[in-house]
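The values are calculated or read from the model by the stated rules, or taken from the named source; none is laboratory data. What you see is a predicted model; the values in this text were computed from it and never measured. A quick note on method: Cβ atoms are made from the backbone with ideal geometry, for glycine too, and the neighbour counts reach across all protein chains shown. To get the accessible areas, we keep the full protein, side chains included, count just its heavy atoms, and leave off ligands, DNA and RNA. Shrake-Rupley method; radii C 1.70, N 1.55, O 1.52, S 1.80 Å.
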Amino acid sequence: MVRFGLTVVRHGETRYNKDKILQGQGIDEPLSPTGFRQADAAGLFLSNVKFTHVFSSDLLRAKQTAATIIEKNKFCKGLEIKCDTRLRERKYGVAEGRPLTDLKAMAKAAGQQCPTFTPSGGETLDEVRERARDFFEFLCQLAAEVGQIREKKDQEMHGAANRSSGTYEEESAFPWTDHCGVHEFSSDNDGTSKLLLDANILVVSHGAYMRNWVGYFVSDLKCTLPANLTKAQLSSVSPNTGVSHFIIKLENRSMLKPEVICVCLNQDSHLVDVGAECVASKMF
């Protein structure tokens, strides 16, 4: 079995977020000073997590957030950040650069509601979900290949028995173990909880995209959710630099039926000391 961790972070705040203006793909704003502080806080929160791969949307706000997080990491400062267009925000067409209220007015005039309404030139929710599905399948293939390489090396060095015990798999410390089932973790003598993984992947993306990705996990892959997660929390957009974490299991390295376990969704406890101004707009 292949098992990998997937940590998904929304980018930090931009001035357009603060002013409730849609950015989509056509507005490539940098982080605001608040956004950089949020990214610093997320980086400190994740500083003890040993990532093996980092992916980011190619839009500036996501790239700056990813770079800041990795710079704060104790293990991954030299790790390459790979940009992927499949991680871009939902395209809003004619609504990009306009206030969120304009999008809601367009939807009302069309007899529809946000977020299902698609403005002219924009992406449908199905199109966004297809991008997310395609990228996730790519990650599964990547993790399966890493697991296969490690299994081969282990057999050459120690014999196949060690693979089944999981003793060679990479250990990574997690800051959110209070949200997890204890059966997923082992503990060191110092009380630090660790999870044995084949790969541990960080992804930095965007609010509407991430909500659609989670929707794909829940509706298509029957993702296991935290017991205390409400429907409102499940359908909401992540705050800026909100952190979601998942454990993915692939039986026999097969990508046909991945098992997805949501450890936490849109966690923002790291923003408590950043200041009230960092409470993010929940944009469509």
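Direction-averaged shadow area of the convex hull around the Cα atoms of the stretch 1-160, nm²?
Projected area, direction-averaged: 11.1 nm².
Once amide H atoms are built 1.01 Å from N in the peptide plane, which residues 5 or more positions from Ser56, or in another chain, come under 5 Å H to H?
Under 5 Å from the amide H of Ser56 lie the amide H atoms of Lys82, Cys83, Asp84, Val204, each far enough along the sequence or on another chain.
Can you give me the distance in nm between label points at Asp134 and Thr116, each placed 7 Å from the Cα along the Cα-to-Cβ direction?
For the pair Asp134/Thr116, the computed spacing is 2.5 nm.
Using amide H atoms built in the peptide plane, which far-off residues or other-chain residues are under 5 Å from Cys264 H to H?
Counting only residues 5 or more places away or on other chains, the set is His245.
Once the other residues with Cβ under 12 Å from the Cβ of Leu221 are scored (Lys, Arg +1; Asp, Glu -1), what is the net sum?
Every neighbour counted, the sum reads +2.
Phe55: accessible area at probe 1.4 Å, nearest 10 Å²?
Approximately 10 Å² for this residue.
Run the numbers for Lys104 and Val272: contour at 0.36 nm per residue of separation, minus the present Cα-Cα distance, in nm.
Taking Lys104 through Val272 to full extension adds about 57.4 nm, to one decimal.
If we sort 261-271, 126-136, 56-66 on the protection proxy, mean other Cβ atoms within 10 Å, highest first, what's the order?
56-66, 261-271, 126-136
Would you check the accessible area of Thr68, probe 1.4 Å, heavy atoms only, in square angstrom rounded to 10?
Answer for Thr68: close to 20 Å² accessible.
Given Lys20/Lys104; Lys20/Lys91; Lys77/Lys152; Lys50/Lys77, which pairs have Cα atoms separated by over 21 Å?
Checking Cα-Cα distances, Lys77/Lys152 exceed 21 Å.
Could you pull out every one of the lysines with an alpha carbon less than 22 Å from that of Lys222, ignoring same-chain neighbours closer than 8 positions?
Candidates past the 8-residue exclusion: Lys231, Lys249, Lys257.
If one puts a single equal scatterer on every Cα of the stretch 1-86 and applies the Debye formula without solvent, what log₁₀ I(q)/I(0) results at q = 0.13, 0.21, 0.25 Å⁻¹?
Debye output, listed in q order: -0.42, -0.98, -1.26.
Determine the gain in length on full extension of the stretch Ala67-Glu251; use 0.36 nm per residue of separation and subtract their C-alpha separation, reporting nm with one decimal.
That pair, Ala67 and Glu251, stretches by 62.9 nm at full extension.
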